[in-house]
1. Hey, which of these cross-link pairs are over 18 Å Cα-Cα: A:K275/A:K563; A:K381/A:K563; B:K55/B:K138?
2. Helix A:3-16: angle to the longest alpha-carbon principal axis of chain A, degrees 0 to 90, nearest 10?
3. Run the accessible area of the protein assembly as shown with a 1.4 Å probe and give the carbon-and-sulfur part as a rounded percent.
4. Please give every one of the lysines within straight-line cross-link reach of A:K148, meaning a C-alpha to C-alpha distance under 28 Å, and leave out same-chain neighbours fewer than 8 residues apart.
5. Please label the shape of segment A:223-339 as rounded, prolate or oblate, based on the square roots a ≥ b ≥ c of the eigenvalues of the alpha-carbon gyration tensor (a/c under 1.5 means rounded; beyond that, a/b larger than b/c means prolate, else oblate).
6. In the full protein assembly as shown, how much of A:R526 is accessible to a 1.4 Å probe, in Å² to the nearest 10?
7. Kindly report, to the nearest 10 Å², the accessible surface of A:I214 as traced by a 1.4 Å probe over protein heavy atoms only.
8. Roughly how tilted is helix A:334-346, in degrees to the nearest 10 and between 0 and 90, from the longest Cα axis of chain A?
Amino acid sequence: MENEKIKKTLYELRNDIEVDNDFKKQLRNTFVKKSRSRKWKNAWIPLLAAAVLFLAFLLPNEQMPNVKASSLKIANAISFLDIGSGEITAYTYHDGRLYLSLEGKGIFVYENELKQVLNDVADSFSRSSKGDKLLFTFNGDVFLFDVKTMKSEKVLDGTSDSSYIYPEWKDRNHIYLTKVADKENQIVEVNVQTKEETIIVSGEMASFVEKEQILVFERHGEIIIYNVKSGKETIVDRGKNPSVTNDGNYISYVKERSGFEDVWISDMDLETKNKITTNPPPRFEPSGEGMYRYQFPIWGNDERTLYVMKKRNDGENGPAKIMKIELSEQSSTEIETVKSYLQALMVRDDDFAKSLLKDPPEFLTYSNPKQIGFQILEKTKNEQSTSVKAEVYWTDTSLAYYKVSTYDFILMKENERYVIETVKELSTTELLANEQNEIELVKDGKRELLFSLQDIPQSFIQTENVRFSSLLHTHDGKNVIFSLQGMDETSEVTLFSFNRETKSFNLLATLEGGIMYKIALDATGRYLTADYSTDALDSKMIIFDLEKGKQTDFTNVRSKFWKGDKLILEEVAETHSMYYQYDPHTGSKINY
Amino acid sequence: MEVKFVDLYDAYFDDVYRYVYVKTSNKWDTEDLVSDVFRKAFEKFSMLEGHPNDKAWLFTIARNTVIDYYRKNKSVLIGDEFEQYLSPLKFEDPFDGTTEKECLQKSLRHLSDEDLEITELRYFADLKFKDMAVILKKEEGSLRVKTNRITKKLGVLVKKCLGGL
């Protein structure tokens, strides 16, 4: 082929790519509007401020200013609920509470604890409520669920021809449902009183926005907005599991891109979209899919909280987790960003941790050694970046190993939020037991022998068959707190402190029938947690007040990490586990 | 500012769209990436002042956005050679065109990464050599020579392809 012909054909190939002019127009409008609103805002700032103040009195507290989806930043995200045994079949959020259905177990409400409220199981819940009434479906039938009386009532029978799922309130007498059919699912409207059914449109999982009279639903892997009056359809995006906020300003959905699923939000007017998770690649074999699969991102009462179910996609097929994602129009500060990052590492929310890094590495978290706490040391503003120095505490499960690393986090502002550009380890101090049963302190490569097993007064040791287990040193470096693991048939753990100046030992606590798991110290150095399991493998934890010598015992609880002087702990039940924040000063706990 | 940015948008949207499409081979990713490109350009628009070449400036953003996208989505492949992992040229819909056109399309897949990038910038993004020189940080003259060689190479490959039919 001649050169000229090649060139001509290359241009022909180019012209064969058809430009989507609707998309071109839609995107263009966002820039025209943006510029205009900027000018308008500048001129009317005083008036706007007054209006906001005025509205703050008029509007209920939960009403949030309506900003574009692209302006919402992730303020925090944490997986706070693990369902260990059994599947979560459905969940919804109503009036500050999360309602979950667990396969074969019933419907539960999450509020300070996970409490069963119904024996019924749901395969889908309504997104919204009418008064105190939620809807749910099970095996094709539709039920009304009164959250005040905690009673359910069947309102519609499914048959072999008409099986219903994904209920949604239209008004007090009408509901939208997805009618499951062999060929194609239909969204139908049903009069609850007369049971009269009208087919609305092909699709499934509809959310209804009353003020706009629109349905948002999924059809063939696309999210669609359907105007109930005119029948006009608009494609939002490719995706599944759509859900709209109560005020109808945003749509949440799950979208897959190159095998990686993520949670996205879009403005209802489609002006902007925003990806709010960062699904990392799987830990082991690259499979072309992300580490997590996400399902059903639903909104809390306000327009700033999302709940999403996520499951591991790789070799570590763990339980389903519910993650809470908090959005804000304000950017997190540099220190908040570093705190969020370290928290995400400790609870192994790799997707959130990665979203805070500029160039995330392939793997972030490992089983061992693991981080058990941190303390922010200082913040320094440079010309174009900010440096945040933090100490991070590490341990290795059931082993006599402890490390304090000081890191320098360099943060830059990118798209109006801080991201961690680099993380540099400045120094490390390790505390460990060597093969001769001696405790060594290794600071930046220099070894110092602190004491050996033989140095411990014999009166403290019940049996000779012991080994060093979890240990740490206090923040001032003056004391080492360590544990001795009894290796006899009936195991026993003893906690000691060792004063480096006086070389004296002090017995802190004896945990009978225990296998030591880890110990950790709060940021103030006053409270110590020790996690251990009994011979019957129950999870136990103590909080030891080093100032007062007082011990508080917990059963079926594991410590996750110290967030300053508050403990993030995990309550472990037969079917699930949940995270709480515990204040050792007051003995009170709050849920996520 | 408003008028100017929209002018830039109107002038180069189609070129950015086609350039991104040829990289991603699908409409959805193209739309996401094109949105990203223009949002970044909008945010950085004040920096364009004093830049001698607005199209080269815009395409530097476009090219970096595509590279970032592949880096983030295939982080296993982070490294200097990431460009070799950019998806091979393929289109969602088969062309109605001639056999020669099909052969040319196939031949593009046999180009080295650098040659493919030059071809995509030249023909699919419709860039001038001086713009490409800014984006690729190479001499304009060497890009001319290189493009000529690539065209010849494609001619040979197409001939082979046609002969093999």
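The values are calculated or read from the model by the stated rules, or taken from the named source; none is laboratory data. In this text the structure is predicted, and so the values were computed from the model without any measurement. Here the Cβ is made from the backbone with ideal geometry for all residues, glycine too, and neighbour counts use every protein chain on show. Areas reflect the complete protein model, heavy atoms only, side chains present, ligands, DNA and RNA absent. Shrake-Rupley method; radii C 1.70, N 1.55, O 1.52, S 1.80 Å.
1. Result: A:K275/A:K563; A:K381/A:K563 exceed 18 Å.
2. Once rounded, one gets 80 degrees.
3. Within the protein assembly as shown, the accessible surface is 47 percent carbon and sulfur.
4. A:K105, A:K115, A:K130, A:K133, A:K170, A:K195, A:K211, A:K321, A:K324, A:K589
5. Oblate is the answer for segment A:223-339, as a/c is 1.5 or above yet b/c matches or exceeds a/b.
6. Accessible surface of A:R526 is approximately 50 Å².
7. We get 20 Å² for A:I214.
8. The answer is roughly 80 degrees.
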